[in-house]
Amino acid sequence: MASTSLKTKLEHELSEKIADAVVDAMQCIVPEDTTKSPVDLNMVEIMTMQRKMGTDSRFVNGIVLDHGGRHPDMPKVLNNCHIMTCNVTFEYEKTEVQSGFFYSTAEEREKLVESERKWLDERCRQVVDFKRSVCKEGESFVMINQKGIDPLSLDIFAKEGILCLRRAKRRNMERLTLACGGSPIHSVEDLDANQLGWAGKVSEVSLGDDKFTFVEECKHPKSCTLLLQGPNVHTIDQIKDAVRDGLRAVKNAIEDHAIVPGAGAFELAASMHLRDTVAKATKGRPKLGVQAYAEALLVIPKTLAENSGFDVQDCILKLTDAREDSGCSMAVGLDCSSGDPMIPADEGVWDNVRVKRQCLHLSTVLASQLLLVDEVMRAGKQMGKSAGPGPE
């Protein structure tokens, strides 16, 4: 399904790679029972980077954050990481009410600064002690904080080998707990090893002035990232649109629990059934409607042939002959590369059931509405004639 959707929008090599990434992402976020909890496509983060080629786009089994560590001595690559997501301040904060501190001598000011620093140092010491208690040999510690961390606190964490990210976006914080596990920590007094998540690798990548942090190799992620790369904005936008369509197509197939052959096979089969079976069993004027409907269904394979540069009439005749030769038992579609009939199921070309169902439903509704408009206009003209000319 992903490949069929993407190949109509991207070149062959790129579409194959993006299709694999889309399927990996869907397998990551699909719940065990889709009847109880629907598939939430918002759990797939789409991150774009303007660099390299479109074929370098890939699936990330984790989260990509659009910022990095704020201290030059912090490690750039860590393995076997405990992930602590927290919403705790590690800097001086303004009071919630209007207030001020007044001092008369330099000594009093130094005491004030010292007491504030002592309060922050105590918080940092609690985190450092917690890190030492949970990290075994070969394991690392990463702290991602939604609030601020001041330079002196960053220096303390850097000396301990902790990678700290401050002022993380709330959206990323929610997805981190889904991807890595664990739960957010709101107070340093409540530190517990069960609240920590896990990632196999955390790395920081610099692109010009921008920094990105990759949190990868999560054990049981319920959220993931599709990293889309390209040499320019146009390419990235094209890939992004295709990815959204691919995700939606796979989601529809999962929720429908069924798919239908593509390449115009369904429309051809339905048209021939109406013409050969239903029309023959229909008497009187409705027979003309059945034949018109059967002819209208062939618009899809005709359009495929026309867009591929082939003779429309020849292609339709070939498709009809191929289906009749199989005894109407095989779904036959159009090969857009050669213009010859093919078996869509063998080539891996599939369509969504709900898309076909919606097409049939809407076509009938729209035709009825258009006919109704004609009736209203005709009735208006008849009323105008019967009324005769108005008074001078």
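The table below gives the values:
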{"item": "Filter result for the condition that a residue is modelled with pLDDT under 85 and among the basic types (Lys, Arg), over LYS94, LYS159, LYS131, LYS147", "result": "LYS94"}
{"item": "Subset of the stretch 40-83 [buried (at least 18 other Cβ atoms within 10 Å of the Cβ), within 26 Å of the chain's Cα centre (by Cα) and among the aliphatic types (A, V, I, L, M)]", "result": "MET43, VAL44, MET49, VAL60, ILE63, VAL64, LEU65, ILE83"}
{"item": "Any hit, the stretch 149-157, residues being over 30 Å from CYS28 (Cα atoms), part of a helix (DSSP H, G or I), in contact with a helix residue (DSSP H, G or I) (Cβ under 6 Å, 6 or more places away or on another chain) and hydroxyl-bearing (Ser, Thr, Tyr)", "result": "yes"}
{"item": "Qualifying residue in the stretch 282-297 (condition: assigned by TED's automatic domain parsing to the domain that holds LYS356, of a type in the set (S, T, N, Q), over 16 Å from GLY333 (Cβ atoms) and out of contact with any helix residue (DSSP H, G or I) (no Cβ under 6 Å at 6 or more places or on another chain))", "result": "no"}
{"item": "Some residue of the stretch 140-153 being touching a Phe, Trp or Tyr at 6+ places or on another chain (Cβ under 6 Å), surrounded by 18 or more Cβ atoms within 10 Å (Cβ to Cβ), in contact (Cβ under 8 Å) with a residue 40 or more places away in the chain and within 23 Å of ILE63 (Cβ to Cβ)", "result": "yes"}
{"item": "Those residues of the stretch 217-259 which are over 22 Å from LEU176 (Cα atoms), in contact with a Lys or Arg (Cβ under 6 Å, 6 or more places away or on another chain) and of a type in the set (A, V, I, L, M, F, W, C), in sequence order", "result": "ALA242"}
{"item": "Hits in the stretch 303-321 - residues which are crowded, with 18+ Cβ neighbours inside 10 Å and in a helix (DSSP H, G or I)", "result": "LEU304, ALA305, CYS315, ILE316, LYS318, LEU319, THR320"}
{"item": "Any strands (runs of 3 or more DSSP E) falling wholly within the stretch 176-250 and containing at least 3 residues that are within 15 Å of the chain's Cα centre (by Cα)", "result": "224-230"}
{"item": "Members of the stretch 340-377 found to be among the small types (Gly, Ala, Ser) and within 17 Å of GLU267 (Cβ to Cβ), listed by number", "result": "ALA345, SER363, ALA367"}
{"item": "Hey, THR48 modelled with pLDDT under 85, over 30 Å from ASP121 (Cβ atoms) and touching an Asp or Glu at 6+ places or on another chain (Cβ under 9 Å) or not", "result": "no"}
{"item": "From GLY100, GLY182, residue being of a type outside the set (Ser, Thr, Tyr) and outside the structural domain of THR85 (by TED's automatic domain parsing)", "result": "GLY100"}
{"item": "Test: residue in the stretch 323-334 that is modelled with pLDDT of 85 or more, of a type in the set (Lys, Arg) and surrounded by 10 or more Cβ atoms within 10 Å (Cβ to Cβ)", "result": "no"}
{"item": "Of the criteria (1) outside any loop (DSSP other than H, G, I, E, B); (2) within 26 Å of CYS224 (Cα to Cα); (3) out of contact with any helix residue (DSSP H, G or I) (no Cβ under 8 Å at 6 or more places or on another chain), which one CYS164 fails", "result": "(3)"}
{"item": "Selection status of GLN238, in contact with an Asp or Glu (Cβ under 8 Å, 6 or more places away or on another chain), more than 21 Å from ILE83 (Cα to Cα) and in contact (Cβ under 8 Å) with a residue 60 or more places away in the chain", "result": "no"}
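Listed here are the residues, each with its yes/no results for (1) surrounded by 13 or more Cβ atoms within 10 Å (Cβ to Cβ); (2) in contact with a Gly (Cβ under 6 Å, 6 or more places away or on another chain); (3) within 30 Å of LYS219 (Cβ to Cβ).
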| site | (1), (2), (3) |
| --- | --- |
| PHE130 | yes, no, yes |
| ASP155 | yes, no, no |
| ALA168 | yes, no, yes |
| SER183 | no, no, yes |
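The values are calculated or read from the model by the stated rules, or taken from the named source; none is laboratory data. Model, not experiment: these values are computed from the prediction. Here Cβ is always computed from backbone atoms with ideal geometry, including for glycine, and neighbour counts include all displayed protein chains.
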